[in-house]
Each structure stands twice: as C-alpha cells, then as structure tokens.
Amino acid sequence: MSDYNTNYRWWALMLVSSGVFLSVIDIFIVNVAIPSIKAGIHGSDGDSQLFIALYLIGYACFLITGGRTGDHFGRKKVFITAMLVFTTASVFCGIAQTPLQLITARFIQGIGAAFMVPQGIALIQILFPEHHLRVKALGIYGSIAGTASVIGMFLGGLLPDVAFIIPGWRLIFLINLPVGLLAAALSAKFLKESVLIRSVKFDYSGIAILTIALISLTYPLIRGREIGWPLWTLLLLLAALLLIWLFIKDQKRKLRAGNEPLINVKLFSYRDFNIGLLAVFFYYMVQESYFFVNTVLLQTGMGISSSKTGIFFACQGVGYVIASLLSIHLVGVFDKKVLQVGIIIMIIGLVFHILVLETRPVNPLMLMAVLFFYGLGCGSVLPSLLTITLRNIPTHFAGAASGTYSTVQQTAIAIGVGVVVGLFFNEIGGIKTLANYLHAYRIATACNIFFLMAVAFFLWLMPKEKRIDN
C-alpha cells in the first residue's frame, strides 16, 4: 500500500502531469504556427526547421541525465527547477527579436523539458505502487499528453490570427508563463519530495559528445540546402559521424571500467530491442515532418488561414485520442497486429492527403475526414510502440531502455525535420507557386510513405510477446 492518502495522490498526479502537458503542447503549437513565426521573426526556411529541431535536440541529449538528476537531487526539486527554466525560456522565445535568439531559447526550452518530464513519470511510480492504480494513473498521464497535442494544434492555429498589443505568434510562447508559474508554485506547496539516491553518477563527457554530434548532424542538413552545401557543411556531417562513433566507443569503455555511461550499450545485445528502435526511428522521422509540410502547404502554399489550419489539425488530434484509447486494450488481444493495421491506415491516409489536396477547390469536409482517418492510424501505433519495443527487455534494464528509447525518438524527429522538410523546401525551388508546393508535397509525402513501409517491415520482424524472468 502507498504511504500517501488517496486525495493527495490524484491531486499530485495532476501537478506532475503539467510537465508533459507543457512539453507536448509546445511541440504541436509551434507545428501549426511555423509560417507565422517565420514571418514574424523574419526567418528563413532553415530557421523555421531549427525552431523545432533544436528544441528536440536539447530534449534528446539531456533526457537520460534529467531522470538521473531527479534521483540525485530529489524529484520535486528538479521538477520545479526545470519547470521554471522551461517557463523562462518560453518567455525569451516570446520576446525574441532575431532568429538566432529564438533558436537559442528553443534549445534551452528543450533542455528544460528534458529535466521536467522524467520527474513526472518517476513520481507516478512512487505515488502509485499498486499495479492497477499505476496503470490507471499512467493512462490518465497519457491522455493528458494526447489532449495537449489537440489543444496545441488548435491554439497554434488560433493565436497567430488573434490581434493583441503584441503579434499573436508571440502569445504561443508567452501563454506558458502563467501556466508554468502556477504549476511550479502549487508543486512547491503540495508535492512531497522523493527519496534521494546519492550514488547516481553523471556522464558529462557522454552528454557533451552526443550533443555536439547531433547538432553537427542536423545543422548542416538544414542549413546546407539554403547556402549551396559549402565545404564546411560536408565536413561537419563527416565530423558528426566520427563523433557518433566516438560516443559509442566512449560508452563501451566506461561500461567496461565499471562506470555508469549515458547509454548502456548492453541493451543493444537484445535483437528485439534493436528492431523496435529501428521501427521507432523511422516512425518518428515521419511524425514532425508530416505536420511541418502540411502546415506550410496549407498556409503558405494555399493561403488558408492559421486558425482554419488549426481546426483541420484538431480533427487529426481527435482521431488520435480516440484510437489511442481503444488501441491500448486491443494490443492486449491482437498484439502487434494493431500497430501494423495502424501503419496501413497511415499510409492510405497519406495517399488520400495527396488526392484531396490536389482537388480544386479543396473540400474542407473531405480534408477533415482524411486528417481524422490519419489520426486513427497514429493513435493505433504510437501509444503501444514503447511497450512493443521494451517488453522483452529484462526488468533491471527497464529504466535504461526507456531513456534510450526516448533519446532515439527525439533524435529521429529532429532528423526527420532536417531530411524530409529540407527535401520539401528544395523541391519548391525559387518560384513559389502552388504547383511547386504541390510537387514538393508529393515528394515529401512519398518519402514519408517509404519510412512508414520501413516501420511496417520492422514490426513484421518483431516477435510475439514472451516472458523474461531474469
């Protein structure tokens, strides 16, 4: 039985869920508002990619360390501190005057999210030791994250069209201020501190190598296209590959020496885990790039308002939430077949995206139906992808595997923005006509369909569930 009374536990769940709410809403709200942000800050196409990619890189590189920091200094303390960092960075995003200022603030915002979110998940484990209550609490936590995605898409469309004293696009960042401050204040007053684990060690050099490697990989992928691929961009890509190799060697060396590496490379001796990570990587390559190219096509290419775009994407979010609630139960009966069907739905949905968006005029009801259908596919895959990937990992590796999963997830999203969106902008060319936008959209969507086919292949390779007792 838990040491906490029932009312406190559910109240605390709402507080710790505020972290994932803010981190998720800040991804989806920017997705829909990208054209408005780009115009407001006078940024380039590459800048708009970096607004998203640097947030995700900051998140990916510090996520594992964020979890360990909570063990060492206390979950409550780290949660509140990270919430304040995230909120402060949001304010700097909202008042940024140059693309560089906004990109830098977004990177810091991602770091804040990386330290904030793991504390919420860990505190739920502490608050709800009973299995049935923990499952229920995690379900509520996941539902809040799904709801945040829908709210984020709606607000990302609505706020840029709202005229206040300041440009509407700045409000998408500044609204985090009252929410973040209130959540931090209530957490300081009501949350109880977790037990400290002072034996936790930090792999500072591993964090540095991984961060530099990912920035060296994504930055030239995004900037290179705009500036004609000068020599330094190619050298930076080569350096990124060398740094990744160095990172792997460094992690193996630390493990042999009995130190605690950032990523436990023993995990990669499990074939099922490797296959799952490949499925995860290709799936998340699609996720962010899908929103990006659709948003740019609708708003910049077709001249549809930001608020209407937000409503369209909210339909996709509703489909996701409905399917995610159903799929959690269906996976227990039909296993990976649920995810395979979801991938098929997503592929069919992308084909219909092209067909509907190329009709003149575009039928709004048809577009909303296609987005809802695609959302059903996403909701059938995403909630159970973590479970499918980690289920055959021994219990004592569960924490390390979860952190590695999340790092790969965020890295894949950033690379997807660099590769697929970069291809999209490259195919548009210098003359930005609707025909060019549609041509680029077909190419980018075909690329995403290919990635989803790769996901289907790796899901096919995944074995059925089995028990590991060691």
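Summary table below
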| read-out | value |
| --- | --- |
| Qualifying residue in the range 264-274 (condition: assigned to a helix (DSSP H, G or I), closer than 22 Å to A412 by Cα and touching a Lys or Arg at 6+ places or on another chain (Cβ under 6 Å)) | yes |
| Residues of the range 363-404 that turn out to be in contact (Cβ under 8 Å) with a residue 24 or more places away in the chain and either assigned by TED's automatic domain parsing to the domain that holds L138 or not in a helix (DSSP H, G or I) (or both), as a count | 4 |
| Candidates V381, V455, filtered to the one that is at pLDDT 90 or above and either surrounded by fewer than 16 Cβ atoms within 10 Å (Cβ to Cβ) or not hydroxyl-bearing (S, T, Y) (or both) | V455 |
| Test: residue in the range 112-119 that is surrounded by fewer than 24 Cβ atoms within 10 Å (Cβ to Cβ) and either touching a residue at least 12 places away in the same chain (Cβ under 8 Å) or in a helix (DSSP H, G or I) (or both) | no |
| Check on F164, of a type in the set (F, W, Y) and at pLDDT below 90 | yes |
| Every pair of residues 6+ apart whose Cβ atoms lie under 8 Å, when the first sits in the range 328-346 and is closer than 17 Å to Q316 by Cβ while the second is hydroxyl-bearing (S, T, Y) and surrounded by 21 or more Cβ atoms within 10 Å (Cβ to Cβ) | G342/S327; G342/S380; I345/Y374; I345/S380; M346/Y374 |
| Which listed residue is touching a Pro at 6+ places or on another chain (Cβ under 6 Å) and in contact (Cβ under 8 Å) with a residue 40 or more places away in the chain, from G40, G19 | G40 |
| Breaking point among (1) crowded, with 20+ Cβ neighbours inside 10 Å; (2) of a type in the set (V, I, T); (3) at pLDDT below 90, for V370 | (3) |
| Test: residue in the range 31-49 that is within 12 Å of the chain's Cα centre (by Cα), modelled with pLDDT under 90 and assigned by TED's automatic domain parsing to the domain that holds I175 | yes |
| Verdict on L63 being within 15 Å of the chain's Cα centre (by Cα) and either within 25 Å of P167 (Cβ to Cβ) or among the β-branched types (V, I, T) (or both) | no |
| Positions within the range 410-449 being farther than 17 Å from N294 by Cβ, assigned to a helix (DSSP H, G or I) and not small (G, A, S), in sequence order | Q410, T411, I415, N426 |
| The range 148-167, residues that are farther than 15 Å from N31 by Cα and in contact with a Pro (Cβ under 9 Å, 6 or more places away or on another chain) | P167 |
| Test: residue in the range 215-236 that is part of a loop (DSSP other than H, G, I, E, B), touching a residue at least 40 places away in the same chain (Cβ under 8 Å) and surrounded by 15 or more Cβ atoms within 10 Å (Cβ to Cβ) | no |
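The values are calculated or read from the model by the stated rules, or taken from the named source; none is laboratory data. Fair warning: this is a prediction, and the values are worked out from it, not measured in the lab. Methodologically, a virtual Cβ is constructed for each residue, glycine included, from the backbone with ideal geometry; neighbour enumeration extends over all protein chains shown.
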